[in-house]
Amino acid sequence: MVVGDIATGTEVLVVGAGPGGYVAAIRAAQLGLDTTLVERDAYGGACLNRGCIPSKALITGADRVHGVANAEEMGIHADPAVDMKGMQSWKDGVVDRLTGGVEKLCKANGVNLVEGTAEFDSADRVRVAHGGEGQGSESVEFEHAIVATGSRPMQIPGFEFDGEHVLSSTDALELDTVPDELVVVGAGYIGMELSTAYAKLGTDVTVVEMLDDVLPGYEDDVARVVRKRAEELGVDFHFGEGASGWEPHGEGVKVTTETEAGDESTYQGDKVLVAVGRTPVTDTLALENVGLEPDDGGFLETDEFGETAVEGIYAVGDVAGEPMLAHKASAEGEVVAEHIAGEPSAKDFQAVPAAVFTDPEIGTVGMTEAEAAEAGFDPVVGQMPMNASGRALTLGETEGFVRVVADGETGFVLGGQIVGPEASELVAELALAVELGATLEDVGRTIHTHPTLAEATMEAVKNAQGHAIHTLNR
Amino acid sequence: MVREFKLPDVGEGLTEAEIVEWLVEVGDAVTEDQPVAEVETDKAVVEVPSPVNGTVREIRAEAGEMVPVGDVIITFDVEGEEPEPEPADAAADTADDGDDPEAAVAAVAEASDDGGSGGTAQRGGRTFAAPSARRLARELGVDIGAVEGSGPGGRVTEPDVRAHAAADDTGDGEEPEPAVQSATRKVTDEPEPTTGAAGASAVEAAGRDRTLAAPATRKLAEDEGVALDDVPTDETRDGEAFVTPEQVREYAEAQRAAQAADAEAVQAESAGRAAADATGTEATAAGEVERIPYRGVRRTIGNAMERSKYTAPHVTHHEEVVVEGLVEARERLKPAAEARDSKLTYMPFVVKAVVAALKQHPVLNSQLDEEAEEILVKQYYNVGIAVATDAGLMVPVVKDADGKDMLTLADEVRDLAGKARDRSIAREEMQDGTFSITNFGAIGGDYATPIINYPETAILGLGALKQRPVVEEGEVVARHTLPLSLSIDHRVVDGADAARFVNTLAEYLENPELLLLE
């Protein structure tokens, strides 16, 4: 049966229903624009289906197991048994609930949902190929298109993902048994999150990293806290080694690495997880038909309104460039939708916060001290160690610190680096401060609830002002 | 300790002033409130008092220089505190207050010949403002980087953005002006370069918003007293302009040379002024040309005239009035006035007659409020009297002329004119006029086309009062006549209104005893 080319028209066409696309679509529909959202796979995108959400579910499970099994100090003696299938089905339930929610929200806001893969025919028309043989396709004419196709895990030569021996981060979230041994290639945030989680579930984890430390891009004293904790959990790090190949070894794998000098090593594991980064998805869109070419990193360049070099075609989220973070995608999605609707919105974000769900967590926003100096500020820095926080002590998690960076002259808060319990939550306050242009005085004079971890932020601010109460002022 | 003294706002709304003369020299001991300089403001010369007890450390502005309000003009070593070591050279001089960013910025702004720009909250290429304020700026089409922030640390608030947008609407970032004010108010304009611009402009400031440089380069720029954003460069990193230490040194050197040239020019200029009250001549192909700076009172007058003539469409109505009655009345009253130690001129009669005529034709005692699109008819009568002084035209104002008797008017006009001539007149005494009179006939001439003292609506010009041939009952006879020239703002009133007003005025001048009824 041939289903003909059904031509429909829409004001705003959104390609990809991840946190960039679905937010853009809902916002556009809220603003009265006739909006069509094309998704080939799953509402919620990588974030909800294969990234943020499922990984956080597993990390929470692992934390729970590890926490209760290591609480002798608190007088708790337990030996929890892990039913990995049970944990997976709970995680899947969470994901289903959220993705179902996204679909409902889209519908409730009047977004037309189309399933399929979109390819540009021209600068005002896409062809959406419905999944599966004989499902046909349809053309959608649009006035504005928003490309929100996201990213996928990056592969390295010789390590094609097979879901069996060589795992992507997506595969690693689907395991229904806890591996005894796992080789992880890459000590970036995804590698570190999954290594930590599996180590807590009892896996012997070996991490191979080409660079000389974990978490490139983070300051040494921040990364050190996380690395130290991972080592305590039994993670075995090998820095300065690149994975050069693998071969099956019994039921498992044998991974070969090479140093710059050419020295080879081999590591055994049940599986090898490759987590070396993500790469934007622009190859499915037939962008050549509208005259758009991604840059060397595969990203689409956009202006302050998210518009690409082709008028009427916008890009948000991972395809629009670093940082590849869900919340950045959502913020961009709102801006683009509002811009299309004629509102005075622009991507003028002062800072995009970031979180790493390791143990302990990392939360950062804005500038580091060095970046502030580089930008021409005269930075002042205040710090509060978690081991001086009453709440951190009662949680039994005393590693890490809150650091605040501000301009010495004006007192404007420029950024913060938090490593410690709930750092991903704590960073929200500093993000607000940076975005509002709040000063140290503003944050320091805000009463923070006692006893909470958030007090540490207030103390760090006061430390920067030279009058912290609970730490010595430097 | 060194105390810097910034040129204060010596008059309401003033943006700059000319240093007429320094009353102290470097090294002089001064006491608090001792006058240190004479500054020419709008139309008056005022003395600037020392804020401290101490000795004069440095004089930063030359006599004759126009200085923006807020610029440091003089520094003092405060008594009992150690003076700081002398800076090594002129460049270090501007950079030696590195601790005081405001002064450093001022110095750089001067060096780069930049009238000052950028909001206060702009640091590190970033404007500190909440998302709501930034959105509002986009909505109102305001460049948020140019907004002066009033929040903590100079944060730009929503009201700041609105104020900036409103100022943009009224032009040139001027403060919205109060609806009623004297035309003698200075028309705010772009701050003039403080000294000869030719030298400084030889090295153009790049004036970028953002510049990348190594921290050591930033430090160097700070030490050299130059703004990184002004240093010219072709290099970029990550798409942003990138400046090297060599470029900073080169630029700083060029700035020093330009400043030295400026300083020389200023010295030559002020020396010339002091010697001959003229500023030198230069030979051109066509012959010798004298260059006189267009400043101070001259420029204030020019700006006011320009504004009036280009804003209000002028129409001038002329009439010759036979004033035998006025001449006789004055002759009769003169001895009586002398007996009361007053000298009676024709001016108080004219003022009285004008007020009486204005009461019958109130629309001439008005002002057009362009913004509100309303005509403000004044219920009070403040009559400005144009006075020719050595410095130029000034218009002191007789306040509430309707409530004053003839001799009071005579005395007041004479007092104000005297003050204007010796330049001791206060700004307040030249403000809030509602109608003006110019007596050009005192120098000579019959008719003129006076320029309205904007934003007033009309001005009366008096020709020479003398005998002229007049036809009476078919005979040509000699009579004292007074030629009147009334200019009106045709937006507010028509020629017919002007003619009727002049007819009424003529009636009072022909028969001054009618004024007794007023």
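The values are calculated or read from the model by the stated rules, or taken from the named source; none is laboratory data. None of the values given here were measured: they were computed from a predicted structure. Neighbour counts are summed over all protein chains in view; Cβ atoms, including those assigned to glycine, are modelled from backbone coordinates with ideal geometry. Remember, those area values only see protein heavy atoms, side chains included, never the ligands or the DNA or RNA. Shrake-Rupley method; radii C 1.70, N 1.55, O 1.52, S 1.80 Å.
Summary of computed values
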{"item": "Verdict on B:ASP432 being under 31 Å from the mean Cα position of the chain (by Cα) and closer than 19 Å to B:TYR380 by Cβ", "result": "yes"}
{"item": "Single residue of the stretch A:385-416 satisfying the filter (open to solvent by less than 10 Å² (accessible area, probe 1.4 Å) and under 28 Å from A:ASN70 (Cα atoms)) that is nearest to the other protein chains (Cβ to nearest Cβ)", "result": "A:VAL402"}
{"item": "Residue that is surrounded by the most Cβ atoms within 10 Å (Cβ to Cβ), among those in the stretch A:121-132 that are not aliphatic (A, V, I, L, M) and not in a strand (DSSP E or B)", "result": "A:ASP124"}
{"item": "Residues that are of a type in the set (Gly, Ala, Ser) and open to solvent by less than 10 Å² (accessible area, probe 1.4 Å), drawn from the stretch B:393-424", "result": "B:ALA401, B:ALA410, B:ALA420"}
{"item": "Out of A:LEU436, A:LEU426, A:LEU432, sole residue that is open to solvent by 10 Å² or more (accessible area, probe 1.4 Å) and away from chain B (no Cβ under 14 Å)", "result": "A:LEU426"}
{"item": "Residue that is buried (at least 17 other Cβ atoms within 10 Å of the Cβ), within 13 Å of chain B (Cβ to nearest Cβ) and either more than 22 Å from the chain's Cα centre (by Cα) or under 24 Å from A:LYS462 (Cα atoms) (or both), where the choices are A:GLU334, A:GLU374", "result": "A:GLU374"}
{"item": "Pair list, Cβ < 7 Å and 6+ apart or interchain, from the stretch B:144-163 residues that are within 12 Å of chain A (Cβ to nearest Cβ) and farther than 14 Å from A:GLY411 by Cα to residues that are acidic (Asp, Glu) and in a helix (DSSP H, G or I)", "result": "B:GLY149/B:ASP160"}
{"item": "Residue count, the stretch A:439-459 (criterion: of a type in the set (Asp, Glu) and within 14 Å of chain B (Cβ to nearest Cβ))", "result": "2"}
{"item": "Subset of the stretch A:311-331 [surrounded by fewer than 18 Cβ atoms within 10 Å (Cβ to Cβ) and more than 28 Å from A:TYR218 (Cα to Cα)]", "result": "A:GLU311, A:GLY312"}
{"item": "Test: A:ALA108 is crowded, with 18+ Cβ neighbours inside 10 Å and either within 16 Å of A:LEU13 (Cα to Cα) or among the small types (Gly, Ala, Ser) (or both)", "result": "no"}
{"item": "Qualifying positions in the stretch A:382-408 - part of a loop (DSSP other than H, G, I, E, B) and in contact with a Leu (Cβ under 7 Å, 6 or more places away or on another chain)", "result": "A:SER389"}
{"item": "Segments classed as strands (runs of 3 or more DSSP E), wholly inside the stretch B:276-381, with at least 2 members that are free of Cβ contacts under 8 Å to residues at least 24 places away in the same chain, out of contact with any Phe, Trp or Tyr (no Cβ under 8 Å at 6 or more places or on another chain) and more than 25 Å from B:MET430 (Cα to Cα)", "result": "B:281-284, B:287-290"}
{"item": "Candidate set from the stretch A:19-44 (those that are open to solvent by less than 10 Å² (accessible area, probe 1.4 Å), under 17 Å from the mean Cα position of the chain (by Cα) and touching a residue at least 60 places away in the same chain (Cβ under 8 Å)); member that is nearest to A:VAL126 (Cα to Cα)", "result": "A:GLY21"}
{"item": "Residue within the stretch B:349-357 that is at pLDDT below 95, over 16 Å from B:LEU509 (Cβ atoms), open to solvent by less than 40 Å² (accessible area, probe 1.4 Å) and touching a Leu at 6+ places or on another chain (Cβ under 8 Å) present", "result": "no"}
{"item": "Selection count where residues are surrounded by fewer than 19 Cβ atoms within 10 Å (Cβ to Cβ), away from chain A (no Cβ under 14 Å) and at pLDDT 70 or above, scope the stretch B:190-232", "result": "4"}
{"item": "Residue satisfying all of: in the stretch A:206-239; over 15 Å from A:ILE418 (Cα atoms) and without any contact (Cβ under 8 Å) to a residue 12 or more places away in the chain; most open to solvent (accessible area, probe 1.4 Å) among these", "result": "A:GLU232"}
{"item": "Residue tally, condition within 12 Å of chain B (Cβ to nearest Cβ) and open to solvent by 20 Å² or more (accessible area, probe 1.4 Å), over the stretch A:339-350", "result": "8"}
{"item": "Count of residues meeting criterion [within 19 Å of A:ALA29 (Cβ to Cβ) and not aliphatic (A, V, I, L, M)] in the stretch A:308-362", "result": "12"}
{"item": "Spans of strands (runs of 3 or more DSSP E) in the stretch B:425-518 with at least 1 residues surrounded by 15 or more Cβ atoms within 10 Å (Cβ to Cβ) and touching a Lys or Arg at 6+ places or on another chain (Cβ under 6 Å)", "result": "B:466-472, B:475-489"}
{"item": "Complete set of residues in the stretch A:352-362 that are open to solvent by less than 40 Å² (accessible area, probe 1.4 Å) and over 25 Å from B:GLY125 (Cβ atoms)", "result": "A:ALA355, A:VAL356, A:THR358, A:ASP359, A:PRO360, A:GLU361, A:ILE362"}
{"item": "Residue under evaluation A:ALA118, criteria (1) part of a helix (DSSP H, G or I); (2) within 27 Å of the chain's Cα centre (by Cα), criterion not met", "result": "(1)"}
